[in-house]
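Remarks on the structure that follows.
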Amino acid sequence: MNFLIENWLLILLAVSSGAMLLVPTLSGAGVGKVSANEAVRLINREKGVLVDVCEPAEYAAGHPAGAKNVPLGSLEGSKLLPSNKATPVILTCASGARSARAAGLLRKQGYEKAVSLTGGNRAWSEASLPVEKTA
């Protein structure tokens, strides 16, 4: 008991730092979002599939190399999605807003590793990763 009284400040500091580490986890912050570097890791190490949910005209103007185009409106039931729902699916769009909605939609459909690329195609190109254009 004497230890607690003499070291109350250290104990308070330890409890508050532990709480700060738990709050993002418990609130779900950052769930389903990955950086461009993490997306590349998922593609290379876990055979992740990169899916661009932009409309065809946006996709043709520029998209991450190797990305499949499945517009957000036709995402449900698309044959371009992997049949194995345990496969990581990295979703991207111009800014990351549509891909976040798409990731949530796919997780509801059972794709447990559906994630959104934070910052979208812009973040991909800013990370100096390959971008393709189609005619």
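The values are calculated or read from the model by the stated rules, or taken from the named source; none is laboratory data. Just so you know, these numbers come straight off a predicted model, no measurement behind them. FYI the Cβ positions are ideal-geometry reconstructions off the backbone, even for glycines, and counts take in every protein chain you see.
Restricting attention to strands (runs of 3 or more DSSP E) lying wholly within region 2-117, give those where 3 or more residues are more than 16 Å from Val131 (Cα to Cα).
Counting at least 3 such residues, we get 114-117.
Which ones in region 90-118 are farther than 19 Å from Ala60 by Cα and either outside the structural domain of Val70 (by TED's automatic domain parsing) or in contact (Cβ under 8 Å) with a residue 60 or more places away in the chain (or both)?
Matches in region 90-118: Ala100, Ala103, Gly104, Arg107, Lys113, Ala114, Val115, Ser116, Thr118.
Among the numbered criteria (1) surrounded by fewer than 21 Cβ atoms within 10 Å (Cβ to Cβ); (2) at negative phi; (3) over 11 Å from the mean Cα position of the chain (by Cα), which one does Gly104 miss?
So Gly104 meets the others, but not (3).
Please work out if Ala36 is buried (at least 20 other Cβ atoms within 10 Å of the Cβ), in contact with a helix residue (DSSP H, G or I) (Cβ under 6 Å, 6 or more places away or on another chain) and of a type in the set (Gly, Ala, Ser).
yes
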